[in-house]
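Each value in this text was obtained by applying a stated rule to the coordinates, not by laboratory testing. The structure presented is a predicted model; accordingly, all values stated were derived computationally and were not measured. With ideal geometry, Cβ positions are generated from the backbone for all residues, glycine too; neighbour counts draw on all protein chains shown.
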């Protein structure tokens, strides 16, 4: 079976391509960068380095091909006889590739499933909509499936420059499971290692957001306050670890109330999240995990969305409020979102910033929690200072 993979980046190569080749399938990448496509065709392989607490192991992914996204005719021909299409380009870029997918689907005789490896509850329907815009009225698009996919693996970096002809190594953790939204599928999927098809896709998306994603972001923002550079060193700080564990439990209680304990899990799920964040082999920088704080503070995203879910369950999300407040201090001069957020805080204050970015009223329970934490953090803060204690909110 041939799979066409849109995106030759960290998830496309570091997860999808590896699992497909491990399952005995052919992998054809569609790369935005023509030099990346040329490199993969010339070398024919790359390495995935899986880093766990017990060490690392390397998997050589070979027997691959690639097509440049500029070669629209060739892309359509590859799709015409493929067994599955996978996207790993980011939700904001799905519209950009929809025309290529539509052109390929228009050439097909048999139906096909498109799996959006985008970690989003809406990626499948969104991609279907964008593809439909490129097809004539009456085209039988319902024959084809468009399903969202939730991935477990964190692929933190790519080593090597394809433009310089250097060997490529994708570094990630050892988690291989990916969860497919059953409602969007048409027919059956070929066997792929790590795949779980579920009719509870929304619940699984919320579990990842409310536990792992919220904890990951909280570690980054609290770690930045205390001057850490890497996630695995920040989570070893006893105060940060305690706050992040409390964030996980606040989210878990909200999940249990909404989706049941089967989805929310137990103490072992909390420990697993902490263990993943603690992984020193990934050497994951806080600047990467905390990037785009404006997006991560939205009402439907990992911190505020989790807090509102916890509130609905009768839980006071004070540690999530602390994480939101810490995000307002996130300082990364290379990140336009962080710069814009810091400017808004400096000119409008924390309360108005929380209202604008988080979509919560300052008089609401969570709005007050986040604002109170921001006020406590602000006392004694100056640019360049490092927070010495989360308990007493003292700065150096």
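With contributions of -39500 (n - 2.57) from each DSSP H run of at least four residues, the per-residue ellipticity at 222 nm computed over the chain stands at -12500 deg cm²/dmol.
Rounded to the nearest 10 degrees, what's the angle between the helix 318-327 long axis and the longest principal axis of the chain, both from Cα atoms, 0 to 90? Compared with the principal axis, the helix lies near 70 degrees. Please give the helix 123-132 orientation as an angle from the longest Cα principal axis of the chain, in degrees from 0 to 90, rounded to the nearest 10. Helix 123-132 and the main axis of the chain meet at about 50 degrees.
How far, in nm, would the chain grow between residue 391 and residue 346 when pulled straight, counting 0.36 nm per residue and subtracting the alpha carbon separation?
Taking 0.36 nm per residue and subtracting the Cα distance, the gain is 13.8 nm.
Relative to the dominant Cα principal axis of the chain, helix 34-43 is inclined by about 70°. On full extension, the segment bounded by residue 166 and residue 108 gains 17.2 nm, given 0.36 nm per residue less the C-alpha separation.
Take every pair of alpha-carbon atoms less than 8 Å apart whose residues are at least six positions apart; their mean separation over the length of region 123-276 yields a relative contact order of 16 percent.
Which of the three applies to region 132-187, rounded, prolate or oblate, going by the alpha-carbon gyration tensor with a ≥ b ≥ c and a/c under 1.5 meaning rounded? Oblate.
Each of 347, 198, 87 was scored by other Cβ atoms within 10 Å of its Cβ. Arranged with the fewest first, they read 347, 198, 87.
Put in line by how crowded their Cβ is, counting other Cβ atoms within 10 Å and starting with the fewest, 381, 374 read 381, 374.
Sorted from longest to shortest, the spans of the Cα atoms of region 213-351 along the three principal axes equal 42, 36, 21 Å. In terms of its C-alpha gyration tensor, region 1-98 has a prolate overall shape, because the principal axis ratio a/c (a ≥ b ≥ c, square roots of the eigenvalues) is not below 1.5 and a/b outweighs b/c. Mind running the shape call on the chain? Use the C-alpha gyration tensor, a ≥ b ≥ c as the square roots of the eigenvalues: rounded below 1.5 for a/c, prolate if a/b tops b/c, oblate otherwise. Judged from the Cα gyration tensor, the chain comes out prolate (a/c at least 1.5, a/b above b/c). Fewest-first ordering of 266, 173 by other beta carbons within 10 Å of each residue's beta carbon gives 266, 173.
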